[in-house]
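The values are calculated or read from the model by the stated rules, or taken from the named source; none is laboratory data. Nothing here was measured: the structure is a model prediction, and the numbers come from that model. Glycine also receives a Cβ, built like all others from the backbone with ideal geometry; neighbour counts cover every protein chain displayed.
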């Protein structure tokens, strides 16, 4: 039986946690993240909004870094699409098959289908593992400056108690 958007319904709510941004072309930085998932009962989609802030011991602590909004869309037969719009103007469309993760939960590995408004980005992918109270994810990418497909982000979020 294929995983559907109804099976992902448990992720609706607010999630908070920390992550690490790293890539051969940047200095590594820790960050705080807030992620909110919402949905309605009519459409086979979940909307999300993701924001990050630098986590440091200097004057940069709390400075906004990233802001993205988008949809996880159930395309049927366990196939999902991730559509994101980012504060830089970049728009990405990714597709991935959902499966039951080892140890429970649901895992989706999304890969680029279309990247718009950012000639630097060649390829991107995101891997999510959704558990009842934890989300683990990684983002990999390849750019014109670094064609290797390297990890850029990894984070662990927990369901917010607020």
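Considering every residue within region 51-58, establish whether at least one is under 16 Å from the mean Cα position of the chain (by Cα), in contact (Cβ under 8 Å) with a residue 12 or more places away in the chain, surrounded by fewer than 19 Cβ atoms within 10 Å (Cβ to Cβ) and more than 18 Å from residue 129 (Cβ to Cβ).
yes
Please pick out the residue among 65, 29, 36, 45 that is surrounded by 15 or more Cβ atoms within 10 Å (Cβ to Cβ) and within 19 Å of residue 95 (Cβ to Cβ).
45
Filter region 128-162 for residues that are touching a helix residue (DSSP H, G or I) at 6+ places or on another chain (Cβ under 8 Å) and either farther than 18 Å from residue 101 by Cα or in a strand (DSSP E or B) (or both) and give the result.
Matches in region 128-162: 130, 135.
Among the candidates 145, 132, single out the residue that is loosely packed, with under 15 Cβ neighbours inside 10 Å, modelled with pLDDT under 95 and either out of contact with any strand residue (DSSP E or B) (no Cβ under 8 Å at 6 or more places or on another chain) or closer than 17 Å to residue 35 by Cβ (or both). Full working, then the answer.
On the way: 145 fails: modelled with pLDDT under 95.
Result: 132 is the single residue among 145, 132 that is loosely packed, with under 15 Cβ neighbours inside 10 Å, modelled with pLDDT under 95 and either out of contact with any strand residue (DSSP E or B) (no Cβ under 8 Å at 6 or more places or on another chain) or closer than 17 Å to residue 35 by Cβ (or both).
Mind checking whether some residue in region 60-81 is in contact with a helix residue (DSSP H, G or I) (Cβ under 9 Å, 6 or more places away or on another chain), part of a loop (DSSP other than H, G, I, E, B) and either modelled with pLDDT under 95 or within 21 Å of residue 134 (Cβ to Cβ) (or both)?
Within region 60-81 (the criterion being in contact with a helix residue (DSSP H, G or I) (Cβ under 9 Å, 6 or more places away or on another chain), part of a loop (DSSP other than H, G, I, E, B) and either modelled with pLDDT under 95 or within 21 Å of residue 134 (Cβ to Cβ) (or both)), the answer is no, since none of the residues qualifies.
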